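In what follows, a single structure is set out as structure tokens and then discussed.
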Amino acid sequence: QVQLVESGGGLVQAGGSLRLSCAVSKSIFSSAVMGWYRQAPGKQREWVATITSGGSTNYADSMKGRCTISKDNAKNTVYVHMNRLKPEDTAVYYCNAKILIGNIWGKGTLVTVSS
């Protein structure tokens, strides 16, 4: 069964840092375009960052300069490291895998940034 499992969320003070992890099923890891999205309370889900199978990265303007997406091929894991966090970064963060047959989503991990 293909699955994505996020971890690393929690409570952090404004200005702090956090690293989220996404464990990816081995069967799709090498070919998928991996991304992180987030959904704040009462808002639509929005894209945060993407890393391709070749390692190219892209970031949403809201996170550019404060966020680094990376992956560990040996561990089949994708990370997003976020720093200088703001209260408006509070959201459930979801891992996403784009593969030929469609999108796969994790269940999300909650990040709360206190002011």
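The values are calculated or read from the model by the stated rules, or taken from the named source; none is laboratory data. As the structure is a computational prediction, the values presented were derived from the model and not from experiment. Using ideal geometry, Cβ is built from the backbone for each residue, glycine included, and neighbour counts are taken over all protein chains shown. The accessibility values were calculated without ligands, DNA or RNA, using every heavy atom of the protein model including side chains. Shrake-Rupley method; radii C 1.70, N 1.55, O 1.52, S 1.80 Å.
Can you tell me how many residues within the range 11-56 are open to solvent by 40 Å² or more (accessible area, probe 1.4 Å), in contact with a His (Cβ under 8 Å, 6 or more places away or on another chain) and part of a strand (DSSP E or B)? Matching residues across the range 11-56 total 1. Note on the range 95-110: residues that are of a type in the set (A, V, I, L, M), within 10 Å of A32 (Cβ to Cβ) and surrounded by fewer than 19 Cβ atoms within 10 Å (Cβ to Cβ) total 3. Which one is surrounded by the most Cβ atoms within 10 Å (Cβ to Cβ) among residues in the range 57-74 that are among the aliphatic types (A, V, I, L, M) and assigned to a loop (DSSP other than H, G, I, E, B)? Out of the qualifying residues, it is M63. Can you find even one residue in the range 75-92 that is open to solvent by less than 60 Å² (accessible area, probe 1.4 Å), under 21 Å from S115 (Cβ atoms), β-branched (V, I, T) and not in a strand (DSSP E or B)? Yes, the range 75-92 contains a residue that is open to solvent by less than 60 Å² (accessible area, probe 1.4 Å), under 21 Å from S115 (Cβ atoms), β-branched (V, I, T) and not in a strand (DSSP E or B). Can you tell me which residues in the range 69-92 are farther than 14 Å from G8 by Cβ and under 10 Å from the mean Cα position of the chain (by Cα)? Selection gives nothing.
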